[in-house]
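Since every read-out is calculated from the coordinates, none of them should be taken as a lab result. Predicted model, so just to flag it, every value in this text is computed and none were measured. Virtual Cβ from ideal backbone geometry, glycine too; neighbours counted across all protein chains shown.
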Amino acid sequence: MENVIQHEHVHTDRKLGALEHLFWLIDRHRPLHFTLTGHVAGKTEVGAWRTALETVQRRNALMSVAIEAAEDGPFFRQRKDARIQLRIVEGDPARRWQAEVASELGTPFSKEDSPLIRAVLVHTDGAAAITLAAHHSIADGFSLAYAIRDILSTLAGNPPPSLPQAPSEDELFNAGPPEPIPAPPVPAADDSPPKPKGYRLRDGSHPFISSLSLSLQLTAELRARARAEATTVHCALATALTFAARKLSTAWSTIPVRVWSPVNMRAALNAGQHCGNYLGSASSCLGSETDAFWDSARRIGAEIAPAKTRSGLYPALSAVQDFISGRPDVASAADFASVAFAHEAVLTNLGDLPFPVSYGPLRLERVWGPCILPDFEDMQSVGVTTINGEACLTHSSYSPILGLLEEMQIKLLLATAG
């Protein structure tokens with residue numbers, strides 16, 4: 001690996017933004033960290049991974065912080081001597097990565113942990129799987145996707161330069177044009193607040209993890225058919241998730257199914273490639289009606305479309321800011337989350353990753369996740385990432401609907417063939 005001298009930006013302490021603060025409080029009640037895993041083909045040395053991880057840590061301010069409480073609110077404290085923990089597992093990456101992800105999701109970050117990111121390398125001759133696990137206050141899914149890319153680029157002898165200080169979502173939003181204050185929505189006759197989601201009884205177990213990769217042909221057909229049907233791949237996936245779960249679960253067959261979709265706001269906020277949390281939130285719901293597949297996908301699209309814009313972020317961000325301004329404690333944050341995240345499923349989709357798959361002699365074959373698992377009863381979480389033309393699906397749950405991904409694939413095959 002080349003030794004490249006590059007300018008180092010000065011990273012300083014800063015106060016948490018509203019969403020970062022909320023996630024910090026929630027995580028102190030129940031774990032809210034997540035993982036992303038890259039499956040890599042090519043011969044590597046374990047020591048080189050350690051060096052590459054340190055390079056990427058220096059690039060990103062929030063990969064070297066602890067969160068400390070203060071009179072005017074928590075702040076990120078830079079810890080220059082903090083090293084990202086790298087756990088090494090020798091074995092076949094294709095067979096071991098799911099167990100390691102389950103272990104990471106089942107292991108919370110503690111109040112004393114610094115930095116708030118850790119890594120697992122499943123390594124063998126000619127292949128590896130690198131899993132990054134991050135506290136949600138410091139990172140979103142794209143943060144870890146960019147980190148995996150940068151690790152591979154460093155392994156190939158092209159380390160990326162360090163980034164300037166990572167701003168909060170609030171700072172970037174406030175730096176843009178002011179948003180008009182929308183009129184409050186007129187409630188519908190049956191528009192009642194969502195029933196809070198109950199937290200599951202914690203028993204020290206690890207979650208169930210499964211994965212499935214859609215073929216090149218199916219992924220391409222799904223993209224083309226969604227476009228022809230005036231909707232998106234994400235909405236088709238949300239429909240397939242709902243239809244599949246209803247077929248497999250008696251409990252889901254008789255209730256409105258709510259799907260929570262984190263929204264990538266990086267482009268709208270000009271957030272670039274910082275390690276940070278730049279998310280909006282979209283919610284969709286399918287009742288017990290029996291609409292056709294693509295009709296349902298279009299309905300979901302209409303429900304979540306407003307959340308994809310900067311103006312659509314305003315109500316959600318304002319609600320979090322208002323809540324945090326009241327100086328809530330951990331219990332209050334848990335109550336807030338039990339309503340805000342009161343859904344049956346999470347569908348977090350990074351889409352088609354916008355970077356190369358080849359890094360010198362190495363090739364990024366698959367990316368699995370994001371795997372995030374809000375700690376509610378019966379929650380199903382599906383993460384989707386598309387790379388090499390194939391959509392990679394990962395299912396995580398403490399009370400899984402078994403066969404969910406396989407049935408989703410069947411629904412998508414039928415929808416694209418019809």
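Normalised radius of gyration (Cα atoms, divided by 2.2 N^0.38 Å) for the chain: 0.96.
Relative to one another, the C-alpha centroids of segment 250-289 and segment 305-348 are positioned 11 Å apart. What residue among Ala245, Ala133, Ala224 has the largest mean-square fluctuation in a Gaussian network model of the chain, using Cα springs under 10 Å? It is Ala224. Stretched out straight at 0.36 nm per residue, the stretch from Glu90 to Lys247 would grow longer than its current Cα-Cα span by 52.6 nm. For the options Val259, Val384, Val357, a Gaussian network treatment of the chain with springs between C-alpha atoms closer than 10 Å singles out Val357 as fluctuating the most. The phi-based Karplus calculation (6.51 cos²θ - 1.76 cosθ + 1.60; θ = phi - 60°) puts the 3J(HN,Hα) values of segment 318-328 at 5, 5, 5, 4, 4, 5, 5, 5, x, 6, x Hz, whole numbers, x for Gly and Pro. Highest GNM mean-square fluctuation among Asn174, Asn388, Asn264, for the chain modelled with Cα contacts below 10 Å: Asn174. In percent, rounded to a whole number, the relative contact order of segment 14-169 is 36, using alpha-carbon pairs under 8 Å and six or more apart. I need the shape label for segment 67-150. Rule: rounded when a/c is under 1.5, else prolate if a/b > b/c, else oblate, with a, b, c from the alpha carbon gyration tensor. In terms of gyration-tensor shape, prolate. So what is the relative contact order for the chain, in percent, with contacts set as C-alpha pairs under 8 Å and at least six apart? Here the relative contact order equals 24 percent. Classification of segment 192-417 by its C-alpha gyration tensor yields a rounded form. The axis ratio a/c (a ≥ b ≥ c) stays under 1.5.
How would you classify segment 258-353 from its alpha-carbon gyration tensor, with a ≥ b ≥ c the square roots of the eigenvalues: rounded for a/c under 1.5, else prolate if a/b is greater than b/c, otherwise oblate?
Judged from the Cα gyration tensor, segment 258-353 comes out oblate (a/c at least 1.5, b/c at or above a/b).
The ellipsoid that matches the Cα gyration tensor of segment 14-169 has semi-axes, each √(5λ) in whole angstrom, of 27, 18, 12, with the longest given first. Rounded to the nearest 0.05, what FRET efficiency do Cys285 and Lys80 have when you use their Cβ-Cβ distance and R0 = 45 Å? The computed FRET efficiency comes out at 0.45. For Lys247, a cut-off of 27 angstrom between C-alpha atoms picks up these lysines, skipping any fewer than 8 places away in its own chain: Lys195, Lys197, Lys411.
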